[in-house]
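The values are calculated or read from the model by the stated rules, or taken from the named source; none is laboratory data. Just so we're clear, the structure is a prediction, and the values are computed from it rather than from any experiment. Neighbour counts run over all protein chains shown; Cβ positions are idealised from the backbone, glycine included. What goes into the accessible areas is simple: the full protein's heavy atoms, side chains included, and nothing from ligands, DNA or RNA. Shrake-Rupley method; radii C 1.70, N 1.55, O 1.52, S 1.80 Å.
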Amino acid sequence: MNHATVVLRLRGPHADEASLESAAVEATWATATPEDSIEHVHAQVMRDRLYVTLHRVGRDREETRAIARELCRRTIATSPFLSRVVHGEIKTIVLPLKSFGIDP
């Protein structure tokens, strides 16, 4: 299993970060297809950024990064709420999972 984190810039501060995180996870699951091979989605707001971490079946890290990036783009494009609050992608990175409270 691989994971990749897409860092998204938010248009401004959000009073209810938990709702934004939940909306991002739900919208990502609604957009994902079986071909994406997603096992888990986690979202966390930190300051003016939304970090969306996708865990995926597969061993190819570059493919996982590409799918994470594309899935986030599709999710934002199909979610009216997220398209209003997300300003754009900053980058796709790999962070230690423990920084998100996930202990694999």
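Give me the pairs: first residue in region 55-76 and of a type in the set (A, V, I, L, M), second residue open to solvent by less than 70 Å² (accessible area, probe 1.4 Å) and assigned to a helix (DSSP H, G or I), beta-carbon distance under 6 Å, and six or more apart or on different chains, which are they?
Pairs found: 67/36; 71/36; 76/82; 76/83.
Out of region 1-26, which residues are out of contact with any Cys (no Cβ under 9 Å at 6 or more places or on another chain) and in a strand (DSSP E or B)?
2, 3, 4, 5, 7, 9, 10
Residues that are in contact (Cβ under 8 Å) with a residue 60 or more places away in the chain and either polar (S, T, N, Q) or not in a strand (DSSP E or B) (or both): does region 27-37 have at least one?
No, the conditions are met nowhere in region 27-37.
Look through region 49-81, keep the residues that are of a type in the set (A, V, I, L, M, F, W, C) and in a helix (DSSP H, G or I), and return whichever of them is nearest to residue 18 (Cα to Cα).
81
Among the residues of region 12-28 satisfying the criterion of being surrounded by 12 or more Cβ atoms within 10 Å (Cβ to Cβ) and not small (Gly, Ala, Ser), which is nearest to residue 74 (Cα to Cα)?
Here is the first cut: in region 12-28, the ones surrounded by 12 or more Cβ atoms within 10 Å (Cβ to Cβ) are 14, 17, 19-28.
Applying the additional criterion that residues be not small (Gly, Ala, Ser) yields 14, 17, 20-21, 25-26, 28.
Numbers: 14: 22, 17: 22, 20: 17, 21: 17, 25: 13, 26: 13, 28: 8 Å.
Restricting to residues being surrounded by 12 or more Cβ atoms within 10 Å (Cβ to Cβ) and not small (Gly, Ala, Ser), the top hit is 28.
Which residues, counting only those in region 31-47, are in contact with a strand residue (DSSP E or B) (Cβ under 7 Å, 6 or more places away or on another chain) and under 29 Å from residue 12 (Cβ atoms)?
Within region 31-47, 32, 38, 40, 41, 42, 43, 44 qualify.
Given the options 54, 50, name the one that is hydrophobic (A, V, I, L, M, F, W, C), open to solvent by less than 20 Å² (accessible area, probe 1.4 Å), closer than 14 Å to residue 76 by Cα and in contact with a strand residue (DSSP E or B) (Cβ under 9 Å, 6 or more places away or on another chain).
On the way: 54 fails: closer than 14 Å to residue 76 by Cα.
Checking each option against the conditions leaves just 50.
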